[in-house]
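**Q** Input: one structure, supplied below.
The values are calculated or read from the model by the stated rules, or taken from the named source; none is laboratory data. Model, not experiment: these values are computed from the prediction. In this analysis, Cβ positions are derived from the backbone assuming ideal geometry, glycine residues included, and neighbour counts consider all displayed protein chains.
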């Protein structure tokens with residue numbers, strides 16, 4: 001009888017484990033990647049960052065003013081049009097890869113003639129337009145012509161997309177000398193070119209990522225705000241002479257490799273980071289449906305009930321035998 005009771009004890013433990021397995025999901029689906037842009041004043045922090053297709057970016061307004069997130073005309077794979085009140089947030093899930101250039105149309109305006117975002121004179125810093133950029137990595141992403149022209153104290157286009165291994169040429173069509181200088185701690189590799197009037201200079205980009213740069217002759221790096229500010233003596237004192245290079249992985253056109261890192265820092269930061277993008281966990285395989293236990297819950301409940309009944313019967317028999325033996 002003791003042997004039977006030991007067996008029953010082991011079987012009961014096994015039944016409990018089986019029931020626990022039946023009540024626990026086989027796979028936990030995790031949330032997609034997220035990233036955050038803050039608005040501590042009339043600016044977006046960070047200015048530029050990289051996310052994956054399918055990720056959600058949230059803009060958090062920590063300012064006392066209302067702000068908007070509006071894509072620059074013709075400069076985004078799909079339109080951004082968010083209104084974020086003071087103390088509130090607004091989010092957007094990016095499904096299409098590409099570069100999204102956006103601005104706040106309350107504190108800046110689009111200069112179609114120069115293809116630039118211009119700060120309004122009433123903003124916190126009229127030399128720093130409230131604009132930002134997001135690179136969304138995904139399949140089918142295409143590179144743009146690898147040439148940037150400086151017709152004056154500005155870069156055109158502002159954003160250039162190339163594949164790793166490609167070279168970009170800056171052509172100075174202005175009468176002033178210009179530089180192509182990477183913003184501190186905002187590029188996978190340093191850019192430091194000097195381009196005289198009428199000349200050109202090139203650089204080959206081998207490391208994927210976002211490269212934020214400016215002309216240090218006609219603009220200034222504002223470390224406190226984490227922004228590039230236009231010099232008051234430049235041709236356009238409300239449009240800083242800066243640009244952005246998006247370098248895609250070599251295999252991006254077929255099988256892109258997403259980067260979880262942020263390309264631009266928050267103010268007074270030396271190494272910006274972004275929360276890694278997390279892909280949903282794949283469902284477990286088995287005879288059941290995706291996410292179900294390999295055992296049938298109903299079947300396990302029946303087995304447990306039978307084991308419990310069997311245990312009660314054995315206990316009753318044990319007690320009766322003990323009473324019979326005591327009577328004798």
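**Q** So residue 143 ticks every box in (1) part of a strand (DSSP E or B); (2) closer than 13 Å to residue 245 by Cα but one. Which box is left unticked?
**A** So the condition that residue 143 fails would be (1).
**Q** Let me ask something else about it. Here are some conditions: (1) crowded, with 20+ Cβ neighbours inside 10 Å; (2) more than 18 Å from residue 116 (Cβ to Cβ); (3) touching a residue at least 40 places away in the same chain (Cβ under 8 Å). Residue 59 meets all but one. Which one does it not meet?
**A** Exception for residue 59: condition (3).
**Q** Residues of the stretch 165-194 being closer than 28 Å to residue 224 by Cα and part of a strand (DSSP E or B), which ones?
**A** Once the filter is applied, which keeps residues that are closer than 28 Å to residue 224 by Cα and part of a strand (DSSP E or B), the stretch 165-194 yields 178, 179, 180, 181, 182, 192, 193, 194.
**Q** Any idea which of (1) buried (at least 22 other Cβ atoms within 10 Å of the Cβ); (2) modelled with pLDDT under 95 is the one residue 143 doesn't satisfy?
**A** Unmet condition: (1).
**Q** Can you tell me which of (1) modelled with pLDDT of 95 or more; (2) under 28 Å from the mean Cα position of the chain (by Cα); (3) not in a strand (DSSP E or B) is the one residue 132 doesn't meet?
**A** (3)
**Q** Go through the stretch 166-180 and report how many residues are crowded, with 19+ Cβ neighbours inside 10 Å and under 15 Å from residue 213 (Cα atoms).
**A** 5
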